[in-house]
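No lab work stands behind these numbers, since they all come straight from the coordinates. Since we're looking at a predicted model, the values are computed, not measured. Note that each Cβ is placed from the backbone with ideal geometry, even for glycine, and that neighbours are counted across all protein chains shown.
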Amino acid sequence: MQEERKTVVIPYTPRELQNEIHNNLDRFNVVVCHRRFGKTVFAVNELIKSAVQDGDIFETRYITYLQLMNEDKTDPYRRNEFK
């Protein structure tokens with residue numbers, strides 16, 4: 001049985017510095033940038049690309065996204081907003 005190939009178009013245009021990072025990724029990476037750089041958009045689109053790239057359709061792929069969260073932003077109860 002022949003495998004049917006489909007083209008996946010990701011509607012994402014990286015900024016100049018994001019594109020530089022996309023082109024220089026290693027197996028493990030740490031990206032430290034200012035707060036409006038677009039780190040989340042960058043990382044999610046890189047994961048999408050990795051998930052749909054060419055390869056064996058039966059190959060197991062492990063894709064992980066880790067992000068540290070600011071405790072003050074994630075838990076309004078600790079800031080007494082709802083008391």
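Local charge for Leu25 was computed over the other residues whose Cβ lies under 11 Å away, with Lys and Arg +1 and Asp and Glu -1, and equals -1.
Taking each residue as 0.36 nm, the span from Lys6 to Tyr62 lengthens on full extension beyond its C-alpha to C-alpha distance by 18.0 nm.
Computed from phi, the 3J(HN,Hα) profile of the stretch 23-28 under the Karplus parametrisation 6.51, -1.76, 1.60 (θ = phi - 60°) reads 7, 10, 7, 10, 4, 10 Hz, with x in place of Gly and Pro. If the segment from Ser50 to Phe28 were pulled out straight at 0.36 nm per residue, it would be longer than the present Cα-Cα gap by 6.6 nm.
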